[in-house]
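Data first, discussion second: the structure below is written as structure tokens.
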Amino acid sequence: MGAIGQWVKNQASRAWDSVQNIGDKFSTAIGKVQGYVGTAFEVAKNGSTFVGLQYSSIGTIRSAIRNYVTGVQKVLADLNTKASNKNALKGEVASAADAYVKAVSDVAQAYVSALLAYSDRMYEYGEEYKKADTNLASTVSEEASALSSSAETYQEKYNQQ
Amino acid sequence: MDFQSADHGVSITGMNQYIDDINTVVLTEVAAALRDTGAVEDAVRAGWHGNAPEQFIANLNKAKEQMVETLKQLQNTFETELNGIKSSILDMDANLVDEE
């Protein structure tokens, strides 16, 4: 091999070294990026083609639950008027029976109010989504920063000709 | 004398109707109201998609069915109470005056 040939070969080696050098730093940076390790799910658990929550719907859902519970309670409250014992009992026992019906109605309405817990659960799920969104964004941002900080651009040493 | 002019007493027919009326409200109308979760389900699905909302709806439906069953128990207790009142008055009527 002549001198020029050897020189060319030497330059090619130096170029390859630069490529390797930057490549190694890049690979190291990639290796440091944790990457999000989620579950094994690749599709939604129930087969849905997309998953997500519209935050503005939380209030609507909670209102729907409240209206539902109020509706059931109203039917129970009607027990006092729809069921009359005037043709069934006479005397003080009739008044006592009315009071008993009211007690049943009241305790049933209180029992049904337990369904409002689902309104609170909806609020909690919404907060969980928001928290998860923030945390995931933070994780991805950190990984992006880690990648960006590893970026190294090769600068040509010689004027472009 | 008719039942309406009594100051104390029980009408067997009236009591049976009274129990039926209460059954209609508690067992039928309340159960129907509890099972009418359509508006809630529509609201959920309008703004939430995936497995989570379907599980939420399933949980709500499970809770409402449990409530329907518990209210049936309440109704049974209620009916027992009213039948007890009826029996008590009928018992008194049967045993107040001994044959001489």
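When the Cα positions of A:Gln6, A:Tyr129, A:Leu89 are compared along the charge dipole of the protein assembly as shown, A:Gln6 comes out farthest toward the positive end, with charges on each C-beta of Lys, Arg, Asp and Glu. Under a 10 Å cutoff between Cα atoms, tell me which one of B:Asn51, B:Asn61, B:Asn83 has the largest fluctuation in the Gaussian network model of chain B. Among B:Asn51, B:Asn61, B:Asn83, the largest mean-square fluctuation in the Gaussian network model of chain B belongs to B:Asn51.
With bins 10 Å wide beginning at 0, the percent of Cα pairs of segment A:68-113 falling in each bin runs 29, 46, 20, 5. Mind scanning A:Lys45/B:Lys72; A:Lys74/B:Lys72; A:Lys25/A:Lys45 and naming the pairs with a C-alpha gap bigger than 29 Å? Too far apart for the 29 Å limit: A:Lys45/B:Lys72; A:Lys25/A:Lys45. Enclosing the Cα atoms of chain B in their convex hull gives a volume equal to 99 cubic angstrom per residue.
Span-like helices, chain B: DSSP H, alpha-carbon axial extent 18 Å or more, mean Kyte-Doolittle -1.0 or greater, which ones? Both cut-offs are met by B:51-95. Assigning unit charges at the beta carbon (Lys, Arg +1; Asp, Glu -1) and nothing else, what dipole magnitude in debye, to the nearest 20, does segment A:107-161 show about its Cα centre? It works out to roughly 100 debye.
Remark: chain B carries a charge dipole of roughly 920 debye about the Cα centre, counting +1 on each Lys and Arg Cβ and -1 on each Asp and Glu Cβ. Shielding by partners for peptide A:80-87, expressed as the average number of C-beta atoms from other protein chains within 10 Å of each residue's C-beta, is 6. For A:Trp16 and A:Glu142, the FRET efficiency from 1/(1 + (r/R0)^6), where r spans their Cβ atoms and R0 equals 30 Å, is about 0.35. By the Kirkwood approach, averaging reciprocal distances over each pair of separate Cα atoms, segment A:91-161 gets a hydrodynamic radius of 18.9 Å.
Each reported figure results from applying straightforward, stated rules to the coordinates on display, with no laboratory input. Because the structure is predicted, anything quoted here is derived from the model rather than measured. As a convention, Cβ positions derive from the backbone with ideal geometry for all residues, glycine included, and neighbour counts pool all protein chains shown.
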